[in-house]
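The values are calculated or read from the model by the stated rules, or taken from the named source; none is laboratory data. Keep in mind that this is a model prediction, so the values were computed, not measured. Glycine also receives a Cβ, built like all others from the backbone with ideal geometry; neighbour counts cover every protein chain displayed. Just so you know, the surface numbers come from the protein's heavy atoms only, side chains and all, with ligands and any DNA or RNA stripped out. Shrake-Rupley method; radii C 1.70, N 1.55, O 1.52, S 1.80 Å.
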Amino acid sequence: MEVQGNHFIARFLSEEDRPFVNAVLARAESYYKNISDNIGFSRYQNFWTWEKRVNIVLYPDQPSFLRFSGQPSWSLGYASRDSQLFHTKTITSYAGQEAFLDTILPHEIAHLILWDYLGFSRRVPVWFEEGVAQLEEKGKRGVVQKAMAGVFSAKQHFSFAAFSDMNLPAQDDRVKVSVYYAQSLSIVDFMLSRYGQDAFHRLFKALRSGHEFEEALRKTYPAIFNSISDLERKWQKYLEEQASVTGG
Ligand SMILES: [Zn+2]
């Protein structure tokens, strides 16, 4: 069964999921408009019409989702694109999740918009992508600021070396996975809070024009981040300052 919108096609298996699927399509269209603006791609529009529409595949429940997708057990959904079939874009998840409309759906749409904007073959660090995608989850920034303060004061955050090398899909330690996601968002949140949205948009432009991540960082934030190590140091210092402000 399927329901079609302007930029999305939702496919589902069970008739009783139809009201949920209709709600998903309506929300997806509104995210499509807003997320590209948030990330700074104001001229980005109408990429996904007609045959380029994004598929949203919703299984009836988590067990069937995990069985058919082969995702790690902590996964609630994912975005993918097929390099063969005209770069077909798909968001795969399952119906009936309360969090789906506010968190998973905008997160996965943000991934797809980011990939389209940067170009099919562009490589950016996984943590950076995950940080950007989580910016679109409702209420997540506030939650992560609190959570990360605790993780950081207990020294349970990752060094950047371990962080950058982590193979997320192979990771089945849920605590490590949640620290990884929290740290990803925390770093992106730091870059935005401390250095502003305009610089952040310039960083995307530099990545789009083909610069490696570290090079794009250097070009966008001259005399601030000369390397990824600078980013690591300044992010840690920022968390220390936040902790002393809140008295924690
Ligand atoms: Zn993600």
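Annotations for the structure displayed:
- Test: VAL179 is within 18 Å of GLN134 (Cβ to Cβ) and either in contact (Cβ under 8 Å) with a residue 60 or more places away in the chain or surrounded by 17 or more Cβ atoms within 10 Å (Cβ to Cβ) (or both): yes
- Filtered by the rule that a residue be within 15 Å of the ligand (Cβ to nearest atom) and in contact with a His (Cβ under 8 Å, 6 or more places away or on another chain), segment 133-170 gives ALA133, GLN134, GLU136, GLU137.
- Residue within segment 83-93 that is more than 16 Å from the ligand (Cβ to nearest atom), touching a strand residue (DSSP E or B) at 6+ places or on another chain (Cβ under 9 Å) and open to solvent by 10 Å² or more (accessible area, probe 1.4 Å) present: yes
- Odd one out for GLY119, checked against (1) more than 16 Å from the ligand (Cβ to nearest atom); (2) open to solvent by 30 Å² or more (accessible area, probe 1.4 Å); (3) over 12 Å from GLY77 (Cβ atoms): (2)
- Test: residue in segment 123-132 that is within 30 Å of SER14 (Cα to Cα) and away from the ligand (no atom under 12 Å from the Cβ): no
- Residue list for segment 215-248, filter: polar (S, T, N, Q), part of a helix (DSSP H, G or I) and over 22 Å from PHE41 (Cβ atoms): SER229, GLN236, GLN242, SER244
- Residues located in segment 145-196, provided they are within 15 Å of the chain's Cα centre (by Cα) and at pLDDT below 90: LEU168, PRO169
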